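J.: This is the structure, below, for whatever I ask next.
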Amino acid sequence: MKKSQIIFFYLFVMAFSCREAYVSPVDTPALGYLVVEGFINTAGPTSFTLSRVNQFSRSEPTYEKGALVQVEAENNVIYKLVEKEKGQYSGQTIING
């Protein structure tokens, strides 16, 4: 074997032989933590996305379906948001005051 092949083989073996499984120090509940992403917009539609934190082995997020999402303004008016798709909830412009 050539010297460059030996070095490449050695680096390849070292790169893949020193792996350890990662164990998260945080205990995740069975359903996962609820993640709320979005914004309250006073100049257009308000929207939020609800999802759950997954285990590291899952590649796609788990979206929260069928939730009751509403925003309450300072004047105690409640604006209900409607589920559009895959955990995405949106509604009318929120009027503050």
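The values are calculated or read from the model by the stated rules, or taken from the named source; none is laboratory data. In this text the structure is predicted, and so the values were computed from the model without any measurement. Here the Cβ positions follow ideal geometry from the backbone for every residue, glycine too, while neighbour counts run over all protein chains shown.
J.: What are the residue pairs meeting all of these: first residue in the stretch 3-27, first residue surrounded by 10 or more Cβ atoms within 10 Å (Cβ to Cβ), second residue of a type outside the set (Lys, Arg) and modelled with pLDDT under 70, Cβ atoms under 8 Å, and 6 or more apart or on different chains?
T.: Pairs found: 9/1.
J.: Give the stretch 36-68 a look and list any residue that's in a loop (DSSP other than H, G, I, E, B), of a type in the set (D, E, K, R) and at pLDDT below 90, or say none. Please lay out each step first, then the result.
T.: Restricting attention to the stretch 36-68, the residues satisfying the condition of being in a loop (DSSP other than H, G, I, E, B) are 40-45, 53-61, 64-68.
Filter once more, so that each one left must be of a type in the set (D, E, K, R): 58, 60, 64-65.
Scanning the stretch 36-68 gives 58, 60.
J.: Keeping to the stretch 78-92, report how many residues are loosely packed, with under 13 Cβ neighbours inside 10 Å and in contact with a Gly (Cβ under 9 Å, 6 or more places away or on another chain).
T.: Matching residues across the stretch 78-92 total 2.
J.: Also, quick follow-up: Considering only residues of the stretch 69-97 that are in contact (Cβ under 8 Å) with a residue 40 or more places away in the chain and outside any loop (DSSP other than H, G, I, E, B), which is nearest to the chain's Cα centre (by Cα)? Don't jump to the end; show me each part of the working.
T.: Step one: of the stretch 69-97, the residues in contact (Cβ under 8 Å) with a residue 40 or more places away in the chain are 88-96.
Next, only the ones that are outside any loop (DSSP other than H, G, I, E, B) stay: 88-91.
Details: 88: 12, 89: 15, 90: 18, 91: 21 Å.
The selected residue is 88.
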